[in-house]
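Contents: one structure, followed by commentary.
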Amino acid sequence: MNETELLAGRLPESLTVTVTHVQLKSGFPGWNRTELAPSFNRLYFISQGEGSVIINGETYYPQQNQLMIMPAGSSQTTFTAPDNPYTRYFCHFDAQVGEWPLFHAGSKLFISDVQDPEYVRTTFESMIDLFQAGGPFAGLRLQAGLLNLLACCLEEGGYRDFLKDYMQFTEREKLAGVLKYIQEHLHEPIEIETLADIVHLHPNYFIPYFKKIMGITPMHYVQRKRMEEAKRLLTYTDESIAEIAERLGMQLAHFSRQFKGHTGISPTAYRACTR
């Protein structure tokens, strides 16, 4: 077994997934979309109906009892027939391996014929109940359900080399220096021109290049990393909110707005919840 295969075998150890929405929906409204590029991944199970999906310019015709994964950041156009619309279970989720998105925005649609449709349907229904009811362990069970469905889609769809191919995706190596620079300079103003220069690209080319690989724009990534660092500091240090804002190079009022927009609660409330 070569080094790449060994790395692929260990890859899931650094995999993190988060379910942000799960639902069963039927009917024409809500499916037809034109060239959207959402910041989250979509997992669908088609229960019945007909229609089409265009991912990054390639057209697919999902059928009953098929699972499919639409990668975050990909160009997505979807259509379903008004007289026979899709009934679909779906889940919005984030998936990262370390700093890297698990599903590359420039990739194809991952689609598979499900060998055990009842298992998939039951798993989705359980996830919907968990998502609606909440509770202290709902998040863990949602993650478990999602991971099982992702494995089902990739394995039964014939994507057995997915993890190995993931490790061989060389663009990630090119962006490693950019991510390292961002992490080391969160407390300073970060300019697009500086990041683009690291990979020797013009800023106008760098922004779509970064989004293609990471699924979000460079500045959204910087903001997310600052908020992650803020959460760490709020939880594990006694620094004041103002000191944390200053450490991240942000004005207090701006920091508070950004933090609440990212987490849904204020820095003070977050600190109280994590101690």
**Message:** I want to confirm something. Restricting to region 19-48 and keeping residues that are open to solvent by 70 Å² or more (accessible area, probe 1.4 Å) and in contact with a helix residue (DSSP H, G or I) (Cβ under 9 Å, 6 or more places away or on another chain), which single residue is farthest from Gly215 (Cα to Cα)?
**Reply:** Leu24
**Fill in**
Scanning region 84-108 for residues that are more than 28 Å from Pro218 (Cβ to Cβ) and part of a loop (DSSP other than H, G, I, E, B), the one most open to solvent (accessible area, probe 1.4 Å) turns out to be Asn84
**Prompt:** Among the residues of region 220-229, is any over 28 Å from Ser74 (Cβ atoms) and either within 23 Å of the chain's Cα centre (by Cα) or of a type in the set (Gly, Ala, Ser) (or both)?
**Reply:** yes
**Complete:** Exception for Ala151 within (1) assigned to a loop (DSSP other than H, G, I, E, B); (2) open to solvent by 30 Å² or more (accessible area, probe 1.4 Å); (3) without any contact (Cβ under 8 Å) to a residue 60 or more places away in the chain falls at (1)
**Message:** Within region 70-83, does at least one residue satisfy the condition of being open to solvent by less than 10 Å² (accessible area, probe 1.4 Å) and in contact with a Cys (Cβ under 9 Å, 6 or more places away or on another chain)?
**Reply:** no
**Request:** For region 251-269, state whether one or more residues are aliphatic (A, V, I, L, M) and touching a residue at least 12 places away in the same chain (Cβ under 8 Å).
**Result:** no
**Prompt:** Tell me, which residue of region 248-275 that is out of contact with any helix residue (DSSP H, G or I) (no Cβ under 7 Å at 6 or more places or on another chain) and not in a loop (DSSP other than H, G, I, E, B) is least open to solvent (accessible area, probe 1.4 Å)?
**Reply:** Ala269
**Request:** Report yes if Phe124 is touching a His at 6+ places or on another chain (Cβ under 8 Å), farther than 30 Å from Gly177 by Cα and not in a strand (DSSP E or B), otherwise no.
**Result:** no
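Residues checked against (1) in contact with a strand residue (DSSP E or B) (Cβ under 9 Å, 6 or more places away or on another chain); (2) modelled with pLDDT of 75 or more:
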site	(1), (2)
Ala151	no, yes
Gly158	yes, yes
Phe162	yes, yes
Tyr166	yes, no
Glu171	no, no
Ala176	no, yes
Glu184	no, yes
Pro189	no, yes
Ile192	no, yes
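The values are calculated or read from the model by the stated rules, or taken from the named source; none is laboratory data. If you're wondering where the values come from, they're calculated on a predicted model, not measured in any experiment. Positions of Cβ are generated from backbone atoms using ideal geometry, with glycine treated the same way; all protein chains shown enter the neighbour counts. These accessible areas exclude ligands, DNA and RNA; they are computed on the full protein's heavy atoms, side chains included. Shrake-Rupley method; radii C 1.70, N 1.55, O 1.52, S 1.80 Å.
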